[in-house]
1. Nearest 10 degrees is fine. How inclined is helix 45-55 to the longest principal axis of the chain, computing both from alpha carbons?
2. Against the longest alpha carbon principal axis of the chain, how many degrees, from 0 to 90 and to the nearest 10, is the axis of helix 3-14 turned?
3. For the chain, take N as its residue count and report Rg(C-alpha) divided by 2.2 N^0.38 Å.
4. Out of residues 5 or more away from THR34 or on other chains, whose amide H comes under 5 Å of its own, with H placed 1.01 Å from N in the peptide plane?
5. Can you sort VAL10, VAL66, VAL22 by how many other beta carbons sit within 10 Å, fewest first?
6. Run the helix sum for the chain: -39,500 (n - 2.57) per DSSP H stretch of 4+ residues, divided by residue count, reported at 222 nm to the nearest 500 deg cm²/dmol.
7. Using a basic spin-label model with each label point 7 Å from the Cα along Cα→Cβ, how many nm lie between MET56 and LEU25?
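Bear in mind these aren't lab numbers, they're just calculated from the coordinates by the rules spelled out. Computed from a predicted model, the values in this text were never measured in an experiment. Please note: Cβ atoms are built from the backbone with ideal geometry, for glycine as well, and neighbour counts cover all protein chains shown.
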Amino acid sequence: MRRSEFQRAVAGEFGTRAAALVADLSLPSLGGRTSAEAMDAGVPPREVWFALCEEMDVPESHRHGVGRLEPRR
């Protein structure tokens, strides 16, 4: 997962709350860092996405394959 895919996945799942969650929600599984802090520290976006999903109780069915753009035709 790329950072851009992370951003699309968060926006798709959380809508208008996305930016606030990325900036403000501390994630215990990432040492209490926010999503933004974790990625700035080099944590892969995929790991951050799964930590955010776990903390926010996102269903498994919404976690995989999100954030990708449709292939060009």
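1. The helix 45-55 is inclined about 70 degrees to the chain.
2. Around 90 degrees separate the two axes.
3. Dividing the Cα radius of gyration by 2.2 N^0.38 Å gives 1.04.
4. LEU27
5. With the fewest neighbours first, VAL10, VAL66, VAL22 line up as VAL66, VAL22, VAL10.
6. -14000 deg cm²/dmol
7. In this crude spin-label approximation the distance works out to 0.4 nm.
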